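What follows is a single structure, written as structure tokens, with notes after it.
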Amino acid sequence: MIETMLAMAAALTPLAGASEPFTTRWNMTPEQVIATMPNAVATPASPENAMRSLDALVYADLKDGDVALHIGFHFTRDAKPGLQLVNQKVTDRNQCAAYRDLLRARYGAGQETLGTAQMKDLQVPEVDIEWKGTLKGEHLLFVGYYFPGTTEFGLCKLIRTPKG
């Protein structure tokens with residue numbers, strides 16, 4: 001009985017940290033995410049929105065602190081899709097540094113890696129900050145792309161996946 005209750009409590013552990021406004025859990029169905037998240041809407045699967053062989057079937061526009069996000073919820077392609085990745089894109093590139101700082105305040109410095117990424121015909125500077133085993137056991141990856149020759153963000157996002 002106690003083991004069952006502990007298992008149920010673990011299954012209900014929120015996806016995000018306690019100070020975050022998100023209440024989804026890993027393996028939720030698209031319908032459950034829509035019922036849980038304000039402003040969430042269903043979208044048909046499309047190759048353009050897929051990520052890591054997972055389909056983005058739900059989107060929501062929300063804020064984390066003062067940072068506006070466009071969030072894609074990515075699901076397995078099973079008969080009963082389960083949430084396996086959350087892609088949190090910052091909608092205003094001028095908020096990227098603030099979002100990076102918010103995440104570092106919440107999770108610590110993380111492991112930073114500098115490199116380059118191919119975006120269409122252009123090589124752009126990229127920064128990755130990774131947190132493994134956060135309070136909720138998640139794997140988090142902040143990805144920021146800079147305008148070439150500057151330290152000004154052109155785009156940034158946070159990718160969340162379950163531990164594992």
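Considering the range 47-68 alone, what residues qualify as being in contact with an Asp or Glu (Cβ under 7 Å, 6 or more places away or on another chain) and at pLDDT 95 or above? Selection gives 68 alone. Contact annotation: residue pairs with Cβ atoms under 6 Å, 6 or more positions apart or on different chains, pairing a residue in the range 73-91 that is at pLDDT 90 or above and of a type in the set (Ser, Thr, Tyr) with a partner that is open to solvent by 10 Å² or more (accessible area, probe 1.4 Å) and not in a loop (DSSP other than H, G, I, E, B), are 76/84; 91/68; 91/70.
In this structure, does residue 123 turn out to be more than 14 Å from the chain's Cα centre (by Cα) and modelled with pLDDT under 90? Taking the combined requirement at face value, the residue satisfies it. The number of residues in the range 114-136 being surrounded by 12 or more Cβ atoms within 10 Å (Cβ to Cβ) and without any contact (Cβ under 8 Å) to a residue 60 or more places away in the chain comes to 12.
Step by step: first the residues of the range 20-51, then only those that are under 13 Å from the mean Cα position of the chain (by Cα) and among the charged types (D, E, K, R), then the one that is farthest from residue 93 (Cα to Cα). Which residue is that? Top of the filtered list is 25.
The values are calculated or read from the model by the stated rules, or taken from the named source; none is laboratory data. Please read all numbers here as calculations on a predicted model, not as lab measurements. Note that each Cβ is placed from the backbone with ideal geometry, even for glycine, and that neighbours are counted across all protein chains shown. Areas reflect the complete protein model, heavy atoms only, side chains present, ligands, DNA and RNA absent. Shrake-Rupley method; radii C 1.70, N 1.55, O 1.52, S 1.80 Å.
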